[in-house]
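Student: First the structure, then my questions, so here it is.
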Amino acid sequence: MLIFSTIKPSYLFDDRRGSTPGILCLLITGIILIAGLWPFNFHPTNKVDWLQNEYGIVVNKPGIVYSQEPIIPQEAFSRNTACSIELLIRPHKGKGYRSILALYDSDQGQLIFGQLAKEFYIRVPQTAKNIYSHKRYREIGIENVLEEDKTYLLSVISGNGYTAIYIDGRLMNSFPNFSLMTDERGLSGNLILGNSPDGRHTWNGEFLGLAIYDRAVTDKEVLDNYHAWQQHQLDRGRLGNFIMPTALYLFDEHGGQQIRNHASNRYHLLIPRPFQPLHRNVLEVPRREYWLTRSNLIDVSINILGFIPFGFFLTAWLRQSINRSAPRAYNISIILGFCISITIELAQAYLPTRDSSLLDVFDNTLGTIVGILLLKYALPIFYKIKGARALSA
């Protein structure tokens, strides 16, 4: 440990004024702020456009469409009733988890129809019976069914204790003991198309039609409705000869910010001009099932590595130029690293295209500490090796 105590701050850098570490620290801080807050746009454009040659809209990143009021298909909707959702879509190229459709209730969680690669999946909040499970959601899905630039009718029928998934009128699978309506929550919330409520999972593709029923549609009706959608035999509020859906969106406006519900005068959808999610997470902690995913591990590594130079050069400047004692310099560096990180994360809560994460604050602070440790231990070892080589020469 003698070598550690003999290395003085003035020898850390070959700079009489000691300004080099300070300048480098300022440059690194600027880079961190730019990287953390880019693109500095609090009102990004909502990338949702109307199709020109057919009924429908196309959603690109970042894009979102939602209802301004909760959609409640029936006042008595509960776990003992049934529902059906038909969604006519055309997926485009994308990666990661993408939310096609969501019903969002801030108190009760969210129902999500999503896509991962070619898989179509459905996610519902965990039931009260499984509140001790580490997973907040239950999930079912069908693999290898959604190809790029192909049109599909997704029909999801859910009753008391079961859910069936049809694609293009054909039953793909039925899932017992799985219902879209969990506990007494029913099926309600703001309807969101093309993204998750927090705006983090944009689905790239086209919406061509959507119908919601407050009953279980039969197998024959699923097939007949598929042909009706396919042939565009839609008669204002009806599909084929069947009863009127609770909500029906034909995407036939060809312009404007409103997508009308042809089944009633309520629950119209809005295409906001700026991209603005319904919900923003502030200092969010990632769900446990995502901790060891590749994307999260890459994000953790970047956040730690980004703050290592900051901790290294800030501590060097405090010791060499300001002549702070080692313990005080270390404490100041850790506090400033934490403050810069949490400032960035709080600002990101107001940037719709960025994510505010408590894990990032921890990673950045850890990176600052690693930089301090490198200065304290690695640099003296370097000088010892360098000195030994000079003597041998």
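Student: Please list, ordered by chain and number, the residues whose modelled amide H lies under 5 Å from the amide H of GLY205; skip anything fewer than 5 residues away on the same chain.
Tutor: Those qualifying (amide H under 5 Å, at least 5 residues apart or on another chain) are VAL59, HIS92.
Student: Among residues other than THR202 whose Cβ falls under 10 Å from its Cβ, what is the net charge (Lys/Arg +1, Asp/Glu -1)?
Tutor: Numbers: positive: LYS47, LYS61, ARG98, ARG200; negative: none.
Taking every Cβ under 10 Å from that of THR202, the sum is +4.
Student: As a footprinting exposure proxy, order MET244, MET181 by other Cβ within 10 Å, with the fewest listed first.
Tutor: Working: MET244 15, MET181 22.
Taking fewest neighbouring Cβ atoms as first place, the list is MET244, MET181.
Just so you know, all these numbers are worked out from the coordinates, no wet-lab data involved. In this text, all values refer to a predicted model and were calculated from it rather than measured experimentally. Using ideal geometry, Cβ is built from the backbone for each residue, glycine included, and neighbour counts are taken over all protein chains shown.
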